[in-house]
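Engineer: Sharing a structure with you now.
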Amino acid sequence: MTHQASDVAPIDVLEDLLAARYSCRAFKPEPVPRATIDRILTAAQKTASWCNSQPWQVIIASGAAARDFATEIYKAASEGIPNVSDFPFPREYRGVYLERRRESGFLLYNTLGIPRGDRAGYAKQMLENFRFFGAPHVAIITTDEALGVYGAIDCGGYVSNFLLAARALGVATVPQAALAHHSDVIREHFKLGDDRRVVCGISFGYADPSHPANNYRISRAPIADAATFVGD
């Protein structure tokens with residue numbers, strides 16, 4: 001049997017993946033096959049990086065290992081143990097950045113029926129980050145200390161490609177800066193060397209489409225708000 005070449009343009013495939021990807025906040029317990037995870041990693045490994053340094057190192061915890069890690073980091077977060085981050089978090093959100101942050105948060109809370117101003121409800125939902133929203137797998141992304149912010153930027157590109165590769169294979173994801181708030185817990189739990197810096201986590205698995213947390217989408221700014229054209 002002969003196979004006809006697809007008439008779908010690559011840019012159409014990419015745009016479809018970008019439009020379909022979202023941050024999943026409720027997962028089914030079924031694990032992702034190792035062959036699928038390997039394919040995601042193989043695709044993400046092609047990420048461009050400064051001087052081809054490829055600074056990312058990825059720890060993937062699954063099954064009992066993910067549950068043990070969740071127990072430890074959830075305990076640290078719920079008990080109010082002070083945050084320790086390897087990279088400074090934003091000093092503040094202001095202007096349009098604050099507006100976008102509020103939109104994202106309020107859409108989630110409204111979907112879940114958490115009333116505006118319910119700080120206890122906000123805190124409870126935030127802690128679900130440390131249960132990985134029920135995902136059977138969590139990836140921890142680290143960079144080399146000596147590469148500083150440029151290593152972290154390269155890891156950002158890696159994370160984006162990981163998310164898109166996962167989506168292409170029917171795997172849902174949520175990138176989580178929240179996990180990096182407890183880099184000391186991560187470093188101790190996974191016995192990371194002093195030369196590694198925690199960038200973020202990615203919880204992943206198969207989405208639970210029946211959960212309301214997965215049934216809303218946030219907006220994106222128009223090109224005119226993000227790009228300035230100079231010259232012809």
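Engineer: Calculate the spin-label point distance for Leu169 paired with Thr71, positioning each point 7 Å from the Cα along the beta-carbon direction, and give it in nanometres.
Structural biologist: 2.9 nm
Engineer: Here is a further query. For a quick check: with amide H placed at 1.01 Å from N, whose amide H comes under 5 Å from Ser203's, ignoring anything fewer than 5 positions away on the same chain?
Structural biologist: Amide H to amide H, under 5 Å and 5 or more residues apart or across chains, Ser203 pairs with Ala139, Val174, Gln176.
Engineer: Between Phe89, Phe106, Phe69, find the one with the highest GNM mean-square fluctuation for the chain; connect C-alpha pairs within less than 10 Å.
Structural biologist: Of Phe89, Phe106, Phe69, the most mobile in the Gaussian network model is Phe89.
Engineer: Note down the relative contact order for the range 23-217 as a percent, whole number, built from C-alpha pairs under 8 angstrom at least six residues apart.
Structural biologist: Averaging sequence separation for qualifying contacts and normalising by length gives 41 percent for the range 23-217.
Engineer: Counting only pairs 8 or more places apart or on different chains, how many lysine pairs in the chain have C-alpha atoms closer than 25 Å?
Structural biologist: 4
Engineer: Now a separate question. Return the Cα extents of the range 23-217 along principal axes one, two and three, sorted largest first, each rounded to a whole Å.
Structural biologist: Here the Cα extents, ordered largest to smallest, are 47, 37, 34 Å.
Engineer: Among Glu128, Glu103, Glu15, which one shows the highest mean-square fluctuation when the chain is modelled as a Gaussian network with alpha-carbon springs under 10 Å?
Structural biologist: Residue with maximal mean-square fluctuation among Glu128, Glu103, Glu15: Glu15.
Engineer: Fewest Cβ neighbours within 10 Å first, please rank Val185, Val96, Val199, Val230 accordingly.
Structural biologist: Least crowded to most crowded, the residues run Val230, Val96, Val185, Val199.
Engineer: Right, another one. Taking K and R as +1 and D and E as -1, what net charge do the other residues with C-beta under 13 Å from the C-beta of Ala165 add up to?
Structural biologist: Taking every other residue near Ala165 into account, the sum is +3.
Engineer: Normalised radius of gyration for the range 127-232, please: alpha carbon Rg relative to 2.2 N^0.38 Å, two decimal places.
Structural biologist: Cα Rg divided by the expected 2.2 N^0.38 Å: 1.29.
Throughout, read-outs are computed from the coordinates displayed, never taken from laboratory work. On a predicted model such as this, the values are computed, not experimentally measured, just so you know. We place every Cβ from the backbone using ideal geometry, glycine too, and count neighbours over all the protein chains shown.
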